[in-house]
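Working notes for the structure below.
The values are calculated or read from the model by the stated rules, or taken from the named source; none is laboratory data. Since we're looking at a predicted model, the values are computed, not measured. Cβ sites come from the backbone with ideal geometry, for glycine too, and all protein chains shown count toward neighbours. Remember, those area values only see protein heavy atoms, side chains included, never the ligands or the DNA or RNA. Shrake-Rupley method; radii C 1.70, N 1.55, O 1.52, S 1.80 Å.
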Amino acid sequence: MDLTKQLLQVSAKLYQLLSDIPKGEERDDYIENIHQLLDARGEIIDSLKRQGFQIQPELKDHSMLLQLDQGIRKRLQLVMDAVKKDLKDLQNVKKHEKQYSNPYASVQVMDGMYYDKKK
């Protein structure tokens, strides 16, 4: 099979996979699948670069590759934003949990100490 066709197929699979972002436990498998497809896509692109491949927008397959690439980039950014938001939420939950268990940890008082400057 032609490398361009392989790249087109892998890009289409990746684009379809990125259409919806699962929540919870399913996310680990989802991210692993994304990594596998990105790795496969990267290997095909490297092979094409070694062959001196040039994108020609007037060809149908090449214009489809450009459109898929733009869509993949947008959807990957959405996935990254969702993961960043979840990590930030998790850090906030940990912070509030720590504050709840010890509400006076951030209060600094010098209780019971007296400094006499006179000698």
(request) Select from the chain the helices, each a whole stretch of DSSP H, whose alpha-carbon atoms run 18 Å or more along the helix axis and whose Kyte-Doolittle mean is at least 0.0; answer none if there are none. (result) 3-17
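Explain nothing, just the number: relative contact order of region 1-109, from Cα pairs under 8 Å at least 6 residues apart, as a whole percent.
Working: 48 pairs, mean separation 38.6, N = 109.
Taking the mean separation of contacting Cα pairs over the length of region 1-109, I get 35 percent.
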(message) Rolling a 1.4 angstrom probe over the protein chains, ignoring ligands and nucleic acids, what is the accessible area of Tyr30 in square angstrom, nearest 10?
(response) 20 Å²
(message) Given Cβ point charges of +1 (Lys, Arg) and -1 (Asp, Glu) and nothing else, what value in debye, to the nearest 20, does the dipole of the chain about its Cα centre take?
(response) 760 debye
(request) Can you check what the net charge comes to around Leu76, using other residues whose Cβ is under 12 Å from the Cβ of Leu76 (Lys, Arg +1; Asp, Glu -1)? (result) +2
(message) Not counting ligands, DNA or RNA, and with a 1.4 Å probe, what is Glu97's accessible surface area in Å² rounded to the nearest 10?
(response) 130 Å²
(request) Determine how many Å³ per residue the convex hull of the Cα atoms of the chain encloses. (result) 196 Å³
(message) Net charge around Gln9, counting only other residues with Cβ within less than 13 Å of its Cβ (Lys, Arg = +1; Asp, Glu = -1)?
(response) +1
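How would Arg73, Arg27, Arg50 rank on accessible area, largest to smallest, probe 1.4 Å? Working shown, then result.
Working: Arg73 155, Arg27 30, Arg50 185 Å².
Highest to lowest solvent-accessible surface, that is Arg50, Arg73, Arg27.
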(message) Connecting C-alpha atoms closer than 10 Å in a GNM of the chain, tell me which of Leu17, Leu76, Leu48 has the biggest fluctuation.
(response) Leu48
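Just from its helices, what would the mean residue ellipticity at 222 nm be for the chain, if runs of 4 or more DSSP H residues each count -39500 (n - 2.57) and the sum is divided by every residue, rounded to the nearest 500 deg cm²/dmol? Don't skip to the answer; put the middle values down first.
Details: 3 runs with 82 residues, N = 119.
Helices in the chain give a 222 nm mean residue ellipticity of -24500 deg cm²/dmol.
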